[in-house]
Amino acid sequence: MDVQPGHCWFCEKRLPQRTLPCDGCPVAVYCTTSCRDRDKVRHGAVECEIFQAKKCSTCGRRGKTLECSGCNDAWYCDTDCQRHGWPFHKAKCKEIMAFIKQLSLKLHILTHGDFPYYIGNTMAKDFLQLENNELSTDNVEKEQLTREYHVLSAGCGNLRNTVLTAASLPDSYQGKLHITLHDNDPFVMARNVLFLFMLVRFADTDSIASSLTTIWYSLHISKREYDLIKTSLDELIQMSAKQLHDATKGLVTLLDEDLSYLKSVWGKWRALECQRDKKTAINLRQQRKDLFDKGPFPKVNRTLYLSRINEKDRRMIKEWLDHGLFFPHEAKEKDNMAFDNPTLTAPKASKTMKSENARLFLLLNDVQAISQEFATFVYCIQPILIPFEAWDCLRVREHTPGSHSSPMVMYHKYVTNLLQKVKSLILQGRLLIHVSVADCLDFPNHHQTLNMPNYDRIFTSNLADFLGIPRLLHTFKPLLNANNSYSAIVTETINWFSKVPGASPDADDLSDIQHEKIINYCLDGTTGIPQIQHNCMFDYFNNTSHFLQYLRADIMAGAFGIPALKKIPSFENVKKYHGMEMRDFRKGLNKLVPFQYLFNKRDLNALNTCHRAVEWCLPKV
């Protein structure tokens, strides 16, 4: 369900002129008979089952059917079949309805970790996907190729999505892209603005894109790269918001109030002793090792991840887990990497923080007076987050063809190429970024006060896990551009499956042939040991009906300031919630973010197999 348009559903290579459709559903397309046959077991168990004509739960005939609006998990030819089947279906239907009501009472009671997301926990997304949306028609009007687009990234300030979006603009498009980067984490935003400033400040330096890629991900850096950071921090700390706007040639816009939060972070980075041969150095290597060795989960997670990778890449990734270096060439620690990377530090993270604004609160209220531990900046990347998770390895391989000495070199080249395209867009004055450090629920007031234009896309990361979809739609619907029929809000969830029994697959849920396919994957994959990893099973398990239960419970639950519904909403009512139109992921593919990613295709991605994305549009007039 994550295949890009124009690509084969099995091998993910670009389709030739002559293609082969799936013989069971109207969606999947393959480049060869071999690809279609090799994908039949997996695809037949999930997408084909979702998209093809349903089988009547009473008589077994497949064709046009009526869906049970109570449970969304039974189908009937007509009312006669539904009536005859009710005695057998009644108990299951009532059980599902009762569960939806019960679940609605338990949602959105979550804490979250306070590590800053310098490395994202989901793959980078192209916010616009113009060729799949506004530029998808045969006759694109000239105005569409020069119009300006506005995007809001709410609750996810990490630059990976912005970089991919800007670098993915088709050559035919010559307009301006305005992105509002919003996040309540001043540490992530300080890093973003530093990187954007450096991309402009040192634009005349041919290697700045490569240096930025290294600084983005590498534990240790060279003196040259450290000097780039130090020079930039010295200048940024002295600037007003207007001076920053001018220095970046209009690229970065923010309020002086928000800039003051970022300066606190920059000052801490500047004060760190990063030269590794000095006794007072911050010693990120040891701090990173301590995090990796802390508790069983990172070790187990690391072992499972390595077991999926081919032997050559596995050896290199295993070395990376030890040294954390990310360079455009193979590099050893003894090489010229004399400095620790200060931008990978932040105040020491605790296990969880209940308040969404806890870190910002401490920063605003004199951190040294409140918490000396908070005032000490240390290595802060969660052990389960890796650079290879932030970028889709299928796209990395597609856009960096040829052989590479290691996955790190391949990824470094890919990200560097993206940053070079972004730099070109910036120098043309076609990328403009507004930075907002605030609570996401306060953002509409910020938007109104500054008289900002409405958005063609609004991405809400996985805020739905904490605030609920009702709160997000009520908050952000007024900010959508009603004049663009392709405008959409994207809501995402990572934690839904843990709330719904049966949503996570069990080996007993799979057929013998599915077991054989998974074992063959593990054997091809790697260790040669025929064991079934739990995550591998998700590709063969259709839990769409479970997700529908979650969605209905989420809408029924309401949210802060939005009363819960008294009656369980049907899925049809969910799709029309708050005057929106939800794209039904059971009837076609999403246009911006895949509803569900496939795990087994992506050996280098430490993929969250339970991630789901739902797209909401304004009703067509």
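The values are calculated or read from the model by the stated rules, or taken from the named source; none is laboratory data. Since we're looking at a predicted model, the values are computed, not measured. Positions of Cβ are generated from backbone atoms using ideal geometry, with glycine treated the same way; all protein chains shown enter the neighbour counts. Accessible surface is based on the protein model in full, side chains and every heavy atom, while ligands, DNA and RNA are left aside. Shrake-Rupley method; radii C 1.70, N 1.55, O 1.52, S 1.80 Å.
Structure notes:
- Computed over protein heavy atoms with a 1.4 Å probe, the accessible surface of the chain works out to 43 Å² per residue.
- As a fraction of the 1.4 Å probe accessible area of region 59-167, surface on carbon and sulfur atoms comes out at 52 percent.
- Taking N as its residue count, the alpha carbon Rg of the chain over 2.2 N^0.38 Å: 0.98
- Cross-link pairs K55/K499; K230/K279; K299/K499; K101/K566; K223/K423; K230/K268 - those with Cα-Cα distance over 18 Å: K55/K499; K230/K279; K299/K499; K223/K423
- Distribution of pairwise C-alpha distances over region 443-494, 10 Å bins, in %: 25, 52, 22, 1
- Dipole magnitude for the chain: about 720 debye, using +1 per Lys or Arg Cβ and -1 per Asp or Glu Cβ, origin at the Cα centre.
- Counted as membrane-span-like here are DSSP H helices of the chain whose alpha-carbon atoms extend 27 Å or more along the helix's own axis and whose Kyte-Doolittle mean is 0.0 or above; these are 407-427.
- Mean Cβ count within 10 Å, highest first, over the residues of peptides 139-150, 258-269, 122-133: 122-133, 258-269, 139-150
- Look at the dipole of the chain built from charges on Cβ: of M189, G250, S504, the Cα furthest out on the positive end belongs to S504.
- Selection from G70, T475, T214, by position along the positive dipole direction of the chain (Cβ): G70
- Helical mean residue ellipticity (222 nm; -39500 (n - 2.57) per DSSP H run of 4+; nearest 500) of the chain: -11500 deg cm²/dmol
- Summarising the overall dimensions of region 71-201 from its C-alpha atoms, the Rg and Dmax are 23.7, 73 angstrom.
- Normalised by 2.2 N^0.38 Å, where N is the number of residues, the alpha-carbon radius of gyration of region 231-297 equals 1.56.
- Using only alpha carbons, region 131-208 has a radius of gyration to Kirkwood radius ratio (Rg to Rh) of 1.05.
- Sequence-distant aspartates and glutamates (8 or more away, or on other chains) whose Cα lies within less than 20 Å of K421: D126, E131, E148, D171, D204, D206, D392, E398
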